[in-house]
Every structure is written in structure tokens, then in C-alpha cells.
Amino acid sequence: MNAVLGDLPTWNLTDLYSSPSGSDLETDLKRVLGDTTLNPEPLPATSPEIRSDLDEPLCGAGHNACYVSAYGDVTPCVALPVVCGNIRQTPFAEIWNDSHDMRRVRAIRVRDLHTCSSCTASAFCTRCPGQALVEDGDLYGPSSAACEHALAGAELAGSAAVPASMGRARSSG
């Protein structure tokens, strides 16, 4: 059981993936990433040896955004299911400024991510803390889907970078 999510099941995107065209996840990711209409910014050719963003927050969750459910639960983001308080019981400003969980999420920096902080595929990564938590049960760990996405992006860009969570090269196909 996950300490933050309780009995909520986790899943792996690759196991759930079903393409209408019958192709696999990697093929579809490469098709989407290579489509300049969907992705007008070119993929980077390489990823830096040492990350320059280690002291940066993971995203805007709890910094410049949050989510308030219809039931009044306040979470740092709609994708990050960590309830920090409820506006039916506590004023929003108090939750925003004083919630232990909101402050904990705000305090997380890239360097705190046990696998991602040293990942050579970070230039291709779109890791979401909420996605990592829901998919793999670890707010500080990698997201399986983001790693698949980063690997496909790196391969498409011609980079040999492999996400740290995968620890192996994949055959081109």
C-alpha cells in the first residue's frame, strides 16, 4: 500500500496501451514526437552531461497553481492527488500558506528525485510528479510513461541517451 495514495492501484502505461492502428507505444510516440504540426519546437540533439536545473522546482504544482475539487479538497495540482486541506473546514489562504503537504510538495527540487536527478535523457523528459505518483507510487521517482516518452524522443533525435530508470539501450525498430 502506498503511504500517500492508500489502496489506489498503480499501473504501467505500456501494459494498458492499445493503439487504434495496431502499432506499439514506441512507434506511436515517435510518430507523434516527429510530427512538426503537433511539436513545432525541434527535439534537442543531445542532453547535457550534468543537469543545470537541479535546484529548480519540478513544476508549478503548489507554486503558482492548485486544484480545488467539487468537495472542497485542495491539491497542489489536478494531476497530483495529495490532499492538502479542505476549504469547507479551513480557509483557502491557510491551506495555501500553511499546509504541511503543500509545503512539502513546494520544497521538492529536481535534485531530490532519486533516479531523475542524474538522468542523461532529461532534455527529452516531460516528467509530471502527479503522473509518477499515480503510475508508480513514488512522488520522487520516475514516471514510466515519461521515461518511454523520453526514450522515444531521444531515439527520434538520434541521441544515445537512455532514461536512468531504464538503464539499458533499446533496439531500434
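The values are calculated or read from the model by the stated rules, or taken from the named source; none is laboratory data. Here the structure is a predicted model, which means the values were calculated and not measured. Here the Cβ is made from the backbone with ideal geometry for all residues, glycine too, and neighbour counts use every protein chain on show. For the accessible areas, the whole protein counts, side chains as well, though only heavy atoms, and no ligand, DNA or RNA atoms are used. Shrake-Rupley method; radii C 1.70, N 1.55, O 1.52, S 1.80 Å.
Some points to look at:
- Among the conditions (1) of a type outside the set (Phe, Trp, Tyr); (2) modelled with pLDDT of 95 or more; (3) part of a loop (DSSP other than H, G, I, E, B); (4) crowded, with 16+ Cβ neighbours inside 10 Å, residue 88 misses just one, which is (4).
- Residues within the stretch 95-130 that are outside any loop (DSSP other than H, G, I, E, B), within 16 Å of the chain's Cα centre (by Cα), crowded, with 21+ Cβ neighbours inside 10 Å and modelled with pLDDT of 90 or more, tallied: 3
- If you check 74, 83 for being in contact with a Ser or Thr (Cβ under 9 Å, 6 or more places away or on another chain), open to solvent by 40 Å² or more (accessible area, probe 1.4 Å) and modelled with pLDDT of 95 or more, only one passes: 83.
- Output for the stretch 137-165, where each listed residue is of a type outside the set (S, T, N, Q) and either touching a Cys at 6+ places or on another chain (Cβ under 6 Å) or more than 23 Å from residue 30 (Cα to Cα) (or both): 137, 138, 139, 140, 141, 142, 146, 150, 163, 164
- Beta carbons closer than 7 Å, at least 6 apart along the sequence or on distinct chains, pair a first residue in the stretch 152-173 that is within 17 Å of residue 113 (Cα to Cα) with a second that is surrounded by fewer than 20 Cβ atoms within 10 Å (Cβ to Cβ) and at pLDDT 70 or above for 164/115; 164/118; 165/115.
- Residues of the stretch 51-84 that are in a strand (DSSP E or B), free of Cβ contacts under 8 Å to residues at least 40 places away in the same chain and under 26 Å from residue 123 (Cα atoms): 65 alone.
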